[in-house]
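See structure below.
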Amino acid sequence: MPDANRSDLVLGIVGTGTMGRGIAQIAVAAGIGVLLLDARPGAAEDARAGIAATFDMLAGKDRMERGAAEAAKARLRPVDGEAALAGCHVVVEAIVEDLEAKRALFARLEPIVGEDCLLATNTSSLSVTAIASGCARPGRVGGFHFFNPVPLMKVVEVIDGVLTDPRTGDALTGLARRMGHRPVRAADTPGFIVNHAGRGFGTEALRILQDGIASFDEIDRILRDAAGFRMGPFELLDLTGLDVSHPVMESVYGQFYHEPRFRPSHVLRQRLTAGLLGRKAGRGFYAYEGGRQVPLPAPALPQGERRPVWIAADEPGWRDDLAGIVDGAGWQLDPGEVPAAGSLCLVAPLGRDATTTALALGADPARTVAIDLLSGTLSGPPFGTSARRVLMTTPATAAAFRDTAATLAAADGTPVSLIHDSPGFVAQRTLATIVNIACEIAQQRIASPEDVDDAVRLGLGYPLGPLAWGDAIGPHRLLRVLGALLDATGDPRYRPSLWLSRRARLGLSLLSPEG
């Protein structure tokens, strides 16, 4: 196997579109000679010129030394045909995402390149095993999946197909490190790590929307403000485009033989049929003008009268948090073991919906409003309500008591979202779903716990890796949320991963590997 750190390493890149250019840029910056090949006449030279202009720009802004930029540019060489790749130590294909096209390319390259040359595929969705199966020496074929834009997304998935020699993955791992990226090693499964782990965010948000719990824009506000995501799920769907997102959802669902955790929603299919693709079409979940999202104002918060507040909470310490909200607003706390007539019943459930909580406590459902104390931003305690408070009513909650709860929650200026009854509110169930899928990736030995977390954090921009996030929330809490969802809905999508349930019961970190 080639030594990734050899000074005379030569990397061939076939396909000089966005991904091929990005890989070439970081490779020559790392001191690697790069041969650029594209089937379209002139494309390789265009790529060289474009990459060279990027280095000139970086040097002009003092983000790169001029000498280093000139040396990197000198390592780029466009070539005219596949025969010119004969001396490469590694060839990376970044051509069209088509299985037969990739298999045909590698079949043509095998007799051209040396016996120790590695063939790497930048596929994001195809089976590395299927690509390699058409080769005479499939052991030297591995996945090398970068993310766009390559220079900024500092992670690359190194994929071991069923027939891949482990030394191939080792060499690609070393090459990724040399190019300044974090390599994460994964078995060849649908979605690899990042696109597999990312299923929870969008599919659970769609389920919440489908069930009428909250509007799409309110879900986005909650998951941005109360859970710390950079973008809401519907903003993200608009950005990527439904013509991309929905087929990927259907593909992953089908490749996992209809695993309920990855079930798509008919909501996307309907919107795709209607042409509401997202930003590229000028309209998706949101409207766009000049490529910019037209803001949707938050609904006006109802104003209610002040009244005594009776509190109850599912978690130790949460009662004190509720009392702090009441005291901070200068309202009267109802100290009774049971709520007095006329008091607002403010409850803080974990996993349970407001209806189940009210009935379990013997509280009047017409006066009960639930508040989510699990969600919060990462700038403060893991379980805070500083960025947004989320209130949830029972189907029987009277408007007067809903309005009172909203006025109380907003008394200190904190934004408030009102949602309909749901086990796990919005943030609790979304975070539990994300962490549960990541746990299952670890359980199936698709990747190590550390690689799962780094892949998702770097590849999806989550504030924490999902397993570390699960530890911050508490595995036992997430287990309760999933259990409540499973009990309430009967949907097997919420069945807990054994990785989560065992570590929750043993008091272990979700990042802890098998003993």
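Values for this structure:
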{"quantity": "Projected label distance in nm at Asp412 and Ala287, using a 7 Å step from Cα toward the beta-carbon", "calculated": "3.7"}
{"quantity": "Whole-percent pair-distance distribution, where bins are 5 Å wide, for the alpha carbons of region 290-344", "calculated": "4, 15, 19, 18, 12, 9, 6, 6, 5, 4, 1, 0"}
{"quantity": "Dimensionless Rg ratio for region 472-515, taking C-alpha atoms and the 2.2 N^0.38 Å reference", "calculated": "1.18"}
{"quantity": "Other-chain or far-sequence residues with amide H under 5 Å of Phe144's (modelled H)", "calculated": "Thr121, Asn122, Thr123, Ile159"}
{"quantity": "Long-range HN-HN contacts of Ala313 with modeled amide H, under 5 Å", "calculated": "Ala348"}
{"quantity": "In the chain, lysine pairs with alpha-carbon atoms under 27 angstrom apart (chain gap of 8 or more, or interchain)", "calculated": "5"}
{"quantity": "Whole-Hz ³J(HN,Hα) from phi, Karplus 6.51 cos²θ - 1.76 cosθ + 1.60, for region 277-285, glycine and proline x", "calculated": "7, x, 4, 4, 9, x, 7, x, 5"}
{"quantity": "Alpha-carbon centroids, region 397-443 and region 277-317: separation in whole Å", "calculated": "12"}
{"quantity": "Long-range HN-HN contacts of Ser417 with modeled amide H, under 5 Å", "calculated": "Arg389, Val390, Leu391"}
{"quantity": "Computed log₁₀ I(q)/I(0) - Debye formula, equal Cα scatterers, no solvent, region 252-326, q 0.19 Å⁻¹", "calculated": "-0.85"}
{"quantity": "Solvent-accessible area, 1.4 Å probe, carbon plus sulfur percent, for the chain", "calculated": "54"}
{"quantity": "Listed residues Gly174, Ile311, Pro395: farthest to the positive end of the dipole of the chain (Cβ charges)", "calculated": "Gly174"}
{"quantity": "Cα-based Rg of region 1-112 normalised by 2.2 N^0.38 Å, two decimals", "calculated": "1.07"}
{"quantity": "Residue-normalised accessible area of the chain, expressed per residue, 1.4 Å probe, Å²", "calculated": "40"}
{"quantity": "Paramagnetic reach from Ala298 (point 7 Å along Cα→Cβ, amide N under 19 Å) across region 352-373", "calculated": "370-373"}
{"quantity": "Simple label model, 7 Å out from Cα along Cβ direction - Ser133 to Arg502, nm", "calculated": "3.1"}
{"quantity": "Highest-first arrangement of 118-127, 55-64, 489-498, where packing means the average Cβ count within 10 Å", "calculated": "118-127, 489-498, 55-64"}
{"quantity": "Sum of side-chain charges, Gly67 neighbourhood, beta-carbon under 15 Å (Lys, Arg +1; Asp, Glu -1)", "calculated": "0"}
{"quantity": "Folded to 0 to 90 degrees: helix 242-255 orientation relative to the chain principal axis, Cα", "calculated": "90"}
{"quantity": "Rg to Rh, two decimals, where region 119-191 supplies the alpha carbon set and Rh follows Kirkwood", "calculated": "0.95"}
{"quantity": "Estimated D of the chain in µm² per second, where Rh is the Kirkwood radius over Cα pairs and Stokes-Einstein applies at 10 °C, 1.306 mPa s", "calculated": "63"}
{"quantity": "Stretch in the chain that is longest and holds no GluC sites (Glu not before Pro) that DSSP places in a loop and that have at most 10 other beta carbons within 10 Å", "calculated": "116-304"}
{"quantity": "CD proxy at 222 nm, helix term only [per DSSP H run n ≥ 4: -39500 (n - 2.57); per residue of the chain; nearest 500]", "calculated": "-12500 deg cm²/dmol"}
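The values are calculated or read from the model by the stated rules, or taken from the named source; none is laboratory data. A quick note: this is a predicted structure, and the numbers were derived from the prediction, not measured. Positions of Cβ are generated from backbone atoms using ideal geometry, with glycine treated the same way; all protein chains shown enter the neighbour counts. Side chains included, ligands, DNA and RNA excluded: accessible areas come from the protein's heavy atoms. Shrake-Rupley method; radii C 1.70, N 1.55, O 1.52, S 1.80 Å.
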